[in-house]
Amino acid sequence: MSSLRRFWLIVLLFLITLFLNLPSEFTLFKKTFHRPPIDLRLGSSRFQRDLKLKKGLDLQGGAHLVLEADMQNIQSSDRLDALESAQQVISRRVDLYGVTESVIQTAIFQDSYRLIVELPGLEGIDKAIELIGQTAQLDFRHDTAPDAGQVDYASPSAFLRTFSFTSTGLTGKDLKKASVDFSQSGQTTGQPVVALEFTPEGSQKFADITQKNLSRPVAIFLDDQLITAPIVNEPITSGQAVISGGFTSEAATQLTIQLNAGALPVPIKIIEQKNISATLGADSVIKSIKAGLIGLTLVMLFMLLYYGKNGLIANIALFIYGLITLSVYKLIPITLTLPGIAGFILSVGMAVDSNILIFERLKEELRADRPFSIALELGFGRAWDSIKDANVATIITALVLINPLNWNFLNTSGMVRGFALTLFIGVIISLFTGVFVTRTLMRFFLLRRHQS
Amino acid sequence: MINFMKYKRLYFLISLLFLLPSAYFLSRFGLKPSLDFTGGALLELHVEPTHVQDITPAHITEIARQVVKLNSVQQTDTNTFLIRAQEFDQEHNQILQKELKTFIGDPTEIHFATIGPTLGKELIRKTLTGIILAAGFILLYVSFRFKDKKYGVCAILAMLHDSLILLGVFSFLGQYRGIEVDALFVTALLTILSFSVHDTIVVYDRIRESLKQHPQLSFTSIVNQAVTQTLGRSVNNSLTIIFMLLSLYLLGGTTIKWFIFALLIGTISGTYSSTFTAAPLLVLWENLKARKTKPNP
């Protein structure tokens, strides 16, 4: 590739990354422009990005939970399946509750089966957390006490005897849909109730049960707790039932969400919880970004004052570095956390390092009275060895921290990974901008002048 | 060329001036582990007074200890308090806030974290594994690239030098300022490990290159030459990183303040150690080897 072609390649890259980093709406020359999101289709695969920086929990507030599944009643060969289905159930519940962009991951450490749940935003977090832990095993039971046949359930004395409820085989699995409704009859008119609609098979079961238990109670249990036990007046064949348990409308909504999302296959316990308020996050972001910009200005000023023209080129390369890095964050996309910002800032320092190494080498070669064009190539060639070795050491550490193979003997904390990931991306891109971009720009701008 | 290596005893002495107190503090007081390592609960609340005039930590203590197993209450700002206790759940958090509302004032939750005790132990184990693994890989890489184990060993020694100083500083801060060591500190430590080696490799690289170019020169003068040539770069590079870190430390958010401070200490120590520890160690190594192989007069 000729030097000129490389130069135009960099200009093209600059324009693309500049486009990717434009705000979605901006005003220029009194005209408002909109930057469209990316939506590419190639055959059956689709690439879609809204090009917004994804902010982590510490930046936008939210809750971070680590849940542990109690696997003692599950065979060891089925545990992974149970964990995954628990993950799906919780994910459905959270979605139905309206928390967007939640992240739910599974993690296994020795004998501990865990789910890591991240809920961004703070609206209704308490309720959402309550919702996550509920098992939601719905079970229809009937009275099988020895005297069940002779009792007149309508008389008040019937409630003084002991009930013996056993499962009828009709459970939450036979549900088609649950929804919040309002009671139409009796004293409870206007109160929220939960309306159930069974699958065809469930409807059949329900019809049989109501048939067999005429004038007797059918109890509805949730997580082994009796919710209500209405007495059957006539067989119900429509496949519809109503749970009226003196719900508040909030409780009715929560119950429907749990029923619709399905029951958790295993009991779950919260072993870690971190709530972060959004204001704390916003404050830190603004401060850190401001601090980063000031630091960056100082670095650029230093490069300009100390290295003159070369420094200016290094600063241009640094600017391109910033654009490419942010574009990569948006394209992958990377969830930016506070340690992540720190990783980015640190990688800026490392990006500048490549240039400093090169310029110091260049100075030495010039001092040895070599012509500029040769000194330039020698400087780059000799600095490359150091740059390569030094950056490999950083890449090794970053990889150990990122733990890409998800080894469970290494750290899996999101914070540490966020930092390492931005550092890793930063180092890789800095190798490109610090060497390729700087060299091309120097050849283009400085070499020509020296030759002419 | 400056005869840097003539003063190698002085460099080792300066290092010792930092290493010995660090080792002392670390062995005497250890580090102050945060919630991440010990497990427990931490709740930061801003309480707007409605029932009393001024809220004191004593007010909070009085109420909190009836709800949770309280460890301490600390005032961090006007009407803002940090409550530390043994692990408690969201339900108790809500009960506590309700009680506060009834008797003192309106609480706003700033931060709540609760971590089970097993997770803390797990983090310690994972951290140690991470450090050993990273150090091991770097040692392998350096030994492979320089085809001589003395480079790998000396680079690791310089790395340990920086880690020990960083740990010592935080042991001191933990004892006298109550600064805790958390998961982010571990990240800082690992970053410093790699930065230290990064900087050392640049010097070693120069030594390797000079050895090829001037095989007739003594090892000491080769090292002198390499240090002279790389010192400017080393200082300039560190300055740019220090600019970034210093502005983050002074102006950045409070949550990353001590993380940045750890990086700052590590950068300064790492810059010093690559030139004034890693390079003289090589010379010392060579001298000792020469003395061993030379027959006694």
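The values are calculated or read from the model by the stated rules, or taken from the named source; none is laboratory data. Just so it is clear, the model here is predicted, and its values are computed rather than measured. Please note: Cβ atoms are built from the backbone with ideal geometry, for glycine as well, and neighbour counts cover all protein chains shown.
Does residue A:270 qualify as being of a type in the set (A, V, I, L, M, F, W, C) and assigned to a helix (DSSP H, G or I)?
Considered against the rule, which asks whether it is of a type in the set (A, V, I, L, M, F, W, C) and assigned to a helix (DSSP H, G or I), residue A:270 comes out as no.
Output the residue which, of all residues in segment A:101-153 that are over 30 Å from residue B:108 (Cβ atoms) and hydroxyl-bearing (Ser, Thr, Tyr), is modelled with the lowest pLDDT.
A:153
Of the residues A:91, A:77, A:85, A:2, only one is at pLDDT below 75 and not aromatic (Phe, Trp, Tyr); which?
A:2
Can you tell me which residue in segment A:315-358 is nearest to the other protein chains (Cβ to nearest Cβ), limited to those that are more than 32 Å from the chain's Cα centre (by Cα) and more than 27 Å from residue B:249 (Cβ to Cβ)?
A:358
Restricting to segment B:190-208, name every residue that is closer than 18 Å to residue A:358 by Cα and at the interface with chain A (Cβ under 7 Å from one of its Cβ atoms).
Within segment B:190-208, B:198, B:201, B:202, B:205 qualify.
Could you figure out which of (1) within 13 Å of another protein chain (Cβ to nearest Cβ); (2) out of contact with any helix residue (DSSP H, G or I) (no Cβ under 7 Å at 6 or more places or on another chain) isn't true of residue B:84?
(1)
With the condition being outside the structural domain of residue B:149 (by TED's automatic domain parsing), surrounded by 24 or more Cβ atoms within 10 Å (Cβ to Cβ) and in contact (Cβ under 8 Å) with a residue 40 or more places away in the chain, I'd like the helices (runs of 4 or more DSSP H) fully within segment B:190-297 carrying at least 1 qualifying residues.
Correct list: empty, since no element meets the threshold.
If you go through segment B:52-70 one residue at a time, do you hit one that is over 27 Å from the mean Cα position of the chain (by Cα), surrounded by 14 or more Cβ atoms within 10 Å (Cβ to Cβ) and either part of a strand (DSSP E or B) or in the same structural domain as residue B:207 (by TED's automatic domain parsing) (or both)?
Yes - at least one qualifying residue is present in segment B:52-70.
Show me the helices (runs of 4 or more DSSP H) found entirely inside segment A:338-435 where at least 2 residues are within 16 Å of residue B:229 (Cα to Cα).
Qualifying helices (runs of 4 or more DSSP H): A:338-367, A:372-402.
Inspect segment A:384-402 for any residue being surrounded by 21 or more Cβ atoms within 10 Å (Cβ to Cβ), facing another protein chain (nearest Cβ under 10 Å) and in contact (Cβ under 8 Å) with a residue 60 or more places away in the chain and give the result as yes or no.
No, segment A:384-402 has no match at all.
Could you tell me whether segment A:300-313 includes any residue that is in contact (Cβ under 8 Å) with a residue 12 or more places away in the chain, charged (D, E, K, R) and more than 22 Å from residue A:436 (Cα to Cα)?
no
Taking residue A:277 as the residue in question, decide whether it is within 14 Å of chain B (Cβ to nearest Cβ) and not β-branched (Val, Ile, Thr).
It is true that residue A:277 is within 14 Å of chain B (Cβ to nearest Cβ) and not β-branched (Val, Ile, Thr).
I'd like to verify a number: residues in segment B:26-53 that are closer than 17 Å to residue B:84 by Cβ and acidic (Asp, Glu), how many?
Qualifying residue count for the region: 2.
Residues checked against (1) more than 9 Å from chain A (Cβ to nearest Cβ); (2) under 20 Å from the mean Cα position of the chain (by Cα); (3) not basic (Lys, Arg):
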| site | (1), (2), (3) |
| --- | --- |
| B:112 | no, no, yes |
| B:133 | no, yes, yes |
| B:165 | yes, yes, yes |
| B:168 | yes, yes, yes |
| B:171 | yes, yes, yes |
| B:174 | yes, yes, yes |
| B:183 | no, yes, yes |
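Looking at (1) in a strand (DSSP E or B); (2) at pLDDT below 85, can you tell me which one residue B:106 breaks?
(2)
Identify the single condition in (1) under 30 Å from residue B:119 (Cα atoms); (2) in a loop (DSSP other than H, G, I, E, B); (3) not basic (Lys, Arg) that residue B:184 does not satisfy, given that it satisfies every other one.
That leaves (2) as the condition not met.
From (1) touching a Phe, Trp or Tyr at 6+ places or on another chain (Cβ under 9 Å); (2) outside any helix (DSSP H, G or I), pick out the condition that doesn't hold for residue B:82.
(1)
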